[in-house]
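What follows is a single structure, written as structure tokens, with notes after it.
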Amino acid sequence: MHEEQLRLLKEIMAVDFSLVELNLFLDTHPCDQRALMDFNNLCCQSKALRRQYEQCYGPLMACSDAPPRIPWGWVETPWPWQIDYGRS
Amino acid sequence: MWVYEKKLQYPVRVREANPRLAKYIITQYGGPDGELAASLRYLSQRFHMPTRETVAILNDIGTEELAHLEIVGTLVYKLTKDASIEEIKESDFGAYYADHDKAVYPVSAAGVPFTAAYLQSKGDPVTDLQEDMAAEEKARSTYEWLINLSDDPDVTDVLRFLRQREIVHFQRFGEALDLVQEHMNSKHFY
Amino acid sequence: MGKRHICCGLSHLGQGGNMIKQFVMDKEGIFVDQMMPQFQLARAYVPFQAYVERWPPMVGLERGTIFPELYRPYVPYRK
């Protein structure tokens with residue numbers, strides 16, 4: 001996986017991890033306005049990053065923003081356990 | 001239902017083939033305090049939670065545990081895929097290899113196959129949430145013992161991430177327990 | 001803690017803070033509850049977290065949480 005693709009993938013992982021954290025926090029604090037605002041902002045960021053990634057490198061989800069192609073990108077791009085994530 | 005995303009929650013790197021370490025780590029795949037047990041426990045218990053918040057937290061932590069199951073599976077896969085038969089024979093991994101080759105199969109470190117007896121779904125939300133808090137602590141301890149056993153800094157890095165998640169989940173289940181107890185007080189259950 | 005989850009719109013910071021103050025430390029260093037009869041024997045309680053601050057996404061991912069107050073790194077006692 002190219003450096004730029006990996007960088008973008010890691011950025012998506014990071015934003016989505018913050019979303020998981022805020023999601024769990026909001027489950028038990030559903031009226032916390034600051035957490036909800038942060039969640040909504042990060043949600044927009046995640047969508048924009050995913051669109052950018054999928055247009056360049058193929059789908060993250062089966063129904064995606066990736067441009068149509070044959071063979072279908074979903075079966076062509078690597079699975080997460082097959083990716084070399086480089087040096088930390 | 002669930003929708004799959006073609007990404008891990010946390011990037012998994014390993015330095016080199018290490019079947020001995022894989023043999024230990026598989027316990028967090030299919031062992032007594034592993035991610036499969038955690039996921040099934042929370043996703044089964046969620047149906048009988050009495051408040052909206054507590055259904056949500058069990059649903060969402062149960063879902064995150066599936067992502068952790070995938071991370072642990074990835075660790076085992078990457079630690080074994082380039083291991084030679086000689087390395088396998090010299091490590092503790094030989095007994096596992098005899099039954100499963102390098103396939104990922106839910107067993108404990110001692111080779112005991114996964115069983116639903118590792119979890120409970122009791123129908124009493126206070127009882128279930130206390131089990132869940134204990135489960136998070138047991139998983140945290142297991143990750144600490146695995147960190148002590150690890151001789152691969154990249155693997156240790158992943159184990160540290162997973163261990164920290166147990167602490168966050170414990171906090172959320174503690175809050176859920178409080179919400180349930182308050183709900184039951186308001187209903188004069190006690 | 002009685003009305004916590006029905007106080008929509010109130011900050012959980014204030015409520016979390018109040019809740020911690022409800023535990024008072026006695027001479028033996030044991031936290032006892034002096035004001036809140038709702039705290040009962042033979043029950044477990046975890047204080048509610050308040051949303052104070054969060055780390056940026058990449059720092060959060062590296063540490064396994066975005067919440068500084070929940071970050072408890074493990075120090076191996078051997079090796």
Principal-axis tilt of helix B:35-45 within chain B, Cα atoms, nearest 10 degrees: 20 degrees
Whole-number Å³ per residue for the convex hull built on Cα positions in chain A: 115 Å³
P(r) tail fraction, the stretch B:55-146 - alpha-carbon pairs more than 14 Å apart, %: 76 percent
Cysteines not pairable in chain A (beta carbon separation under 4.7 Å absent): A:C43, A:C44, A:C56, A:C63
Cross-link pairs beyond the 26 Å C-alpha cut-off, checked among B:K7/B:K78; A:K10/B:K138; B:K81/B:K138: A:K10/B:K138; B:K81/B:K138
Taking the convex hull of Cα positions in chain B, its mean projected area over all directions (nm²): 11.0 nm²
Least to most buried among C:E69, B:E5, B:E136 (fewest other Cβ within 10 Å first): C:E69, B:E5, B:E136
Peptide B:173-184 - average C-beta neighbours from other chains (10 Å radius): 5
The stretch A:43-76 and the stretch B:10-51: distance between their alpha carbon centers, rounded to Å: 28 Å
Mean projected area (nm²) of the alpha-carbon convex hull when the stretch B:1-108 is viewed from all directions: 7.7 nm²
Size of the protein assembly as shown as Cα extents on the principal axes (Å, biggest first): 65, 47, 37
Listed residues B:L8, B:L79, B:A116: farthest to the positive end of the dipole of chain B (Cβ charges): B:L8
Other protein chain Cβ atoms within 10 Å, averaged over every residue that makes up A:4-14: 3
Helix-only mean residue ellipticity at 222 nm for the protein assembly as shown, each DSSP H run of n ≥ 4 adding -39500 (n - 2.57), per residue, nearest 500: -18000 deg cm²/dmol
Gaussian network model of chain B, Cα within-10 Å springs - most flexible of B:A38, B:A135, B:A110: B:A110
Residues A:E54, B:E166, sorted so that the one with the fewest Cβ neighbours within 10 Å comes first: A:E54, B:E166
3J(HN,Hα) from dihedral phi, the stretch C:67-74, Karplus parametrisation 6.51/-1.76/1.60, rounded to Hz, x for glycine, proline: 9, x, 6, 9, 7, 10, x, 8
Sum of side-chain charges, B:E65 neighbourhood, beta-carbon under 13 Å (Lys, Arg +1; Asp, Glu -1): -4
Footprinting exposure proxy for A:C63, A:C56 (fewest neighbouring C-beta atoms within 10 Å first): A:C63, A:C56
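Laboratory data are not the source of any read-out in this text; all were calculated from the coordinates shown. Note that the structure is predicted; figures quoted are calculated from it, not measured. Here the Cβ is made from the backbone with ideal geometry for all residues, glycine too, and neighbour counts use every protein chain on show.
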